[in-house]
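Values quoted throughout were computed directly from the atomic coordinates according to the rules given, and no laboratory measurement underlies them. Model, not experiment: these values are computed from the prediction. Positions of Cβ are backbone-derived with ideal geometry, glycine not excepted, and every protein chain shown enters the neighbour counts.
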Amino acid sequence: MFEKTKAFFTAIKEKLSKTSSSLSTSITEVFKKKIKIDEQLLDDLMESLILADVSYKSSERIISNFKDKIKDFETDKEIDKNLYLSLLQKEIQVMLDKDDSQIILDSQKTLVIMVSGVNGSGKTTTIGKLANIIKKEKKVMIVAGDTFRAAAIDQLKVWAKRVDVEFFHSDNKDPASVVFSSIEKSKITGSEVIIVDTAGRLGTNEDLMNELSKIEKVINKYPDVILQENLLVLDGTSGQNALSQIEKFKSNIKITGIVLTKLDSTSKAGFAISASYDYNLPIKLIGIGEGIEDLIPFDSEDFSKALLGLD
Ligand SMILES: Nc1nc2c(ncn2[C@@H]2O[C@H](COP(=O)(O)OP(=O)(O)OP(=O)(O)O)[C@@H](O)[C@H]2O)c(=O)[nH]1
Ligand SMILES: [Mg+2]
């Protein structure tokens, strides 16, 4: 369902070039300044990682494993920048690798994908793009669980039209009731995958967070319906702040994966390493633009290379 072509990879490199700029430039600068590996160089690398929004915990692990890898190299020789960059990249790739990074939709049951996150992170847009991918194999219904604003319902409706999938909304203001009705409706329409949009919320608002767990409970009541994915959408430009968003959402609902959006316009996505490593969450999809095709499966190798500006 989520296949990749060669043309696609070329496009990605282009689009991810902003993601790569900050970290790769600062790391390359570190290697440029120093010609030997020493404590100072390792400190400078650590600082570059932290400035690129990688958490202290993740940065420490990268540097300490990197140190282990290079301990057999002769440190008094001039450094081979490319070799070291590729060792760093592999360390980062391992931290981004997760067994469950794929969205799998091969069940016979009705599968629900719930999408949440803070305001403006890219939830609704992601749902439109995701519906466009899934509809190639399964009958999709997208559900306006963002009952907060009429404009939010309209925005999702426009996406439904654009990608030509079924759209469900209700006048009921309670999102859990809307989801309940959408599941009932799916039994009539034969929809196999239900994607639920939710209103943007800060993880600090307890009432709104309870609303999300109420939706989870409604879905879990049906034996023939599975909450297959509970995706947290993080704006790639939000830097370290994204990590506190993870913490708050995770303490209220069972997040199954992360969607990183706006990677076409940010150089602050270093936090992705920590999202994966510190919080043990797979990054499943990345958003690389506002267009219908601009949602792709996450690839730890491509992403870590883009971060370090490697081909
Ligand atoms: N460049 C870029 N823009 C994006 C991407 N994803 C979403 N956007 C834009 O970000 C803005 C917010 O996107 P929405 O999908 O409305 O975000 P949301 O999380 O549903 O917002 P609320 O419902 O208000 O909480 C829109 O202008 C989108 O076009 C992306 O991957 N790249
Ligand atoms: Mg929205």
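Key figures
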read-out	value
Cα-based Kirkwood hydrodynamic radius, the range 244-301, one decimal, Å	12.1
Alpha-carbon gyration tensor eigenvalues x 5, square-rooted, for the range 114-162, Å	19, 12, 9
Two-site label geometry, LYS157 and SER64: point separation in nm, points 7 Å out along Cα→Cβ	5.5
Overall Cα dimensions of the range 65-214 - principal axes, largest extent first, Å	71, 37, 26
Burial ordering of ASP53, ASP164, fewest other beta-carbon atoms within 10 Å first	ASP164, ASP53
Percent RCO, i.e. relative contact order, over the range 128-218, from Cα pairs under 8 Å lying at least 6 residues apart	36
Residues ILE104, ILE219, ILE79, ILE253 arranged by fewest to most Cβ contacts within 10 Å	ILE104, ILE79, ILE253, ILE219
Cα-projected label distance for GLU206 with ASN241, points at 7 Å along beta-carbon direction, nm	2.4
Other-chain or far-sequence residues with amide H under 5 Å of GLU166's (modelled H)	VAL140, ILE142
Descending Cα extents along the principal axes, the range 145-264, whole Å	44, 32, 24
Stokes-Einstein D (µm²/s) once Rh is taken as the Kirkwood radius of the range 220-268 over alpha-carbon pairs, at 10 °C in 1.306 mPa s	130
Violating pairs (Cα-Cα greater than 21 angstrom) within the set LYS248/LYS284; LYS138/LYS262; LYS138/LYS284; LYS109/LYS139; LYS139/LYS161	LYS138/LYS262
On Cα atoms only, tilt of 81-96 relative to the major axis of the chain in degrees	30
Residue-averaged 222 nm ellipticity for the chain, from DSSP H runs of 4+ at -39500 (n - 2.57), nearest 500	-15500 deg cm²/dmol
Segment ASP80-LYS139, extension gain: residue separation times 0.36 nm, minus the distance between their alpha carbons	16.0 nm
Span per principal axis, largest first, for the Cα atoms of the chain (Å)	72, 42, 33
Projected label distance in nm at ASP311 and LYS33, using a 7 Å step from Cα toward the beta-carbon	2.9
Residue order, fewest to most surrounding Cβ atoms within 10 angstrom, among VAL196, VAL163	VAL163, VAL196
The chain: angle of helix 241-250 to the longest principal axis, Cα-based, in degrees nearest 10	50
Using alpha-carbon coordinates, inclination of helix 17-33 to the longest axis of the chain, degrees	20
Beta bridges per DSSP with both ends in the range 110-299, % antiparallel, nearest 5	10
